[in-house]
Amino acid sequence: MNQQAVIILAHGSRNVQARDSFLFMVSVLKNRLGTEVVPAFFSLGEPDLKHAVHDLVDRGYREIAIFPYFLFDGNHVQKDIPAIVSNLEQKHPEAVFRILKSLEHEPLMPEIVFERIWELSHEQRFLPGADIEKISLEYIQDLMPAGLDARLDADQRKIAARVVHSSADFSLGRSMKFHPRAVETGVSCLREKRTVICDVNMVRCSLTGCRDVLCAIDQPRAELGADSDQTTRSAAGMELLSEEIHGSMVVIGNAPTALWKVLELAEKKNIIPALVVGMPVGFVGAAQAKEALMNSGLVYISNRGPRGGSPAAGAIVNALLRLAYEK
């Protein structure tokens, strides 16, 4: 049995429709997460937090995360809820409790409000491309999660901002991971105009500043190699490009199987790329391939979880190009 559970804690309301909407949202989250997610109410509703915890502990859950479904960190979030949890910790020493951050800490909240009211702002809809990029990056830097400041250096933050810009997804910025030598290695590769190897054409099209780019899925025998049930066209193409991979920059924005193949070539044949930009996307194998990359000893730029994609991979390389010319 999975011993982890999540309690979504709302304030509560006498309004039946408000209560039903909250319960529906919790059921959607439960289905998506695939773990136990239960509702609770601080007041004006049942179960309250105490009874929700008692029920979970009775059913064998020993790791309980509590998400305060509150817009701001008022007294309930700062004082009342921690006090209730402290009492629960004493009553249930067998369980571990964690209070998550409220919605106040969601960087996209201003964007959500903006989407509701932008038609009233008389915003100019057609701006020069350079102005759009400048305004977008300034907005991203303003809203970058504060936790990134300590975790990423200045160059890494610039790359993370470009990834957010490419996807309009702040969670990608929060999930970015860098090998300690990743930025300097990437800058050196681009200055020396080394070969760049990518998995699919969408990535290649995004590498606007790179000239010597080889695409795995375009290799003439890749499709033949993918006839086997044990491989894909992109993985077969990486196998065919193995002689080019050693010492080159590999950029993967689509296919987890291509990343698995690069890791296999490094482990079994000692074919070591200078840098792997590993941003495959998907719910099957993408997160696992990226974790394997980060544990492989290779120099990498990647992220945790299923998110990623060709635009994000291309944004990383283009950000490295900017750094190369700036420096």
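The values are calculated or read from the model by the stated rules, or taken from the named source; none is laboratory data. As the structure is a computational prediction, the values presented were derived from the model and not from experiment. Don't worry about glycine lacking a Cβ; one is built from the backbone with ideal geometry, like all the others, and counts go over all protein chains shown.
Considering the conditions (1) of a type outside the set (S, T, N, Q); (2) part of a loop (DSSP other than H, G, I, E, B); (3) modelled with pLDDT of 95 or more; (4) surrounded by 15 or more Cβ atoms within 10 Å (Cβ to Cβ), Cys210 is excluded by exactly one of them, (3).
For segment 277-326, give me the residue count where each residue is assigned to a loop (DSSP other than H, G, I, E, B), surrounded by fewer than 24 Cβ atoms within 10 Å (Cβ to Cβ), at pLDDT 95 or above and of a type in the set (A, V, I, L, M, F, W, C). Of the residues in segment 277-326, 2 are assigned to a loop (DSSP other than H, G, I, E, B), surrounded by fewer than 24 Cβ atoms within 10 Å (Cβ to Cβ), at pLDDT 95 or above and of a type in the set (A, V, I, L, M, F, W, C).
For the residues Ala258, Ala312, the requirement of being touching a residue at least 40 places away in the same chain (Cβ under 8 Å) and either within 16 Å of Gly186 (Cα to Cα) or of a type in the set (Lys, Arg) (or both) singles out Ala312. When Gly282, Gly314, Gly308, Gly278 are checked against the criterion of being within 21 Å of Arg181 (Cβ to Cβ) and assigned by TED's automatic domain parsing to the domain that holds Met202, Gly278 stands alone in meeting it. All of (1) closer than 27 Å to Gln156 by Cα; (2) at pLDDT 95 or above; (3) more than 21 Å from the chain's Cα centre (by Cα); (4) of a type in the set (A, V, I, L, M, F, W, C) hold for Cys205 with one exception: (2). Looking at the structure I just gave you, is Ala83 at pLDDT 95 or above, assigned to a helix (DSSP H, G or I) and not acidic (Asp, Glu)? Yes, satisfied. Among (1) at pLDDT 90 or above; (2) of a type in the set (A, V, I, L, M); (3) under 25 Å from Gly282 (Cβ atoms); (4) surrounded by 19 or more Cβ atoms within 10 Å (Cβ to Cβ), which single condition is Leu172 missing? Going through the list (1) at pLDDT 90 or above; (2) of a type in the set (A, V, I, L, M); (3) under 25 Å from Gly282 (Cβ atoms); (4) surrounded by 19 or more Cβ atoms within 10 Å (Cβ to Cβ), Leu172 breaks only (1).
Okay, residues lined up against (1) assigned to a helix (DSSP H, G or I); (2) touching a residue at least 40 places away in the same chain (Cβ under 8 Å); (3) touching an Asp or Glu at 6+ places or on another chain (Cβ under 8 Å); (4) surrounded by 13 or more Cβ atoms within 10 Å (Cβ to Cβ):
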| residue | (1), (2), (3), (4) |
| --- | --- |
| Asp20 | yes, no, no, no |
| Phe24 | yes, no, no, no |
| Pro39 | no, no, no, yes |
| Ala52 | yes, yes, no, yes |
| Leu56 | yes, yes, yes, yes |
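If you check Ser13 against the conditions, is it touching a helix residue (DSSP H, G or I) at 6+ places or on another chain (Cβ under 8 Å) and surrounded by fewer than 17 Cβ atoms within 10 Å (Cβ to Cβ)? Yes. Of the residues screened, Glu111 is not one that is under 15 Å from Ala10 (Cα atoms), part of a helix (DSSP H, G or I) and at pLDDT below 95.
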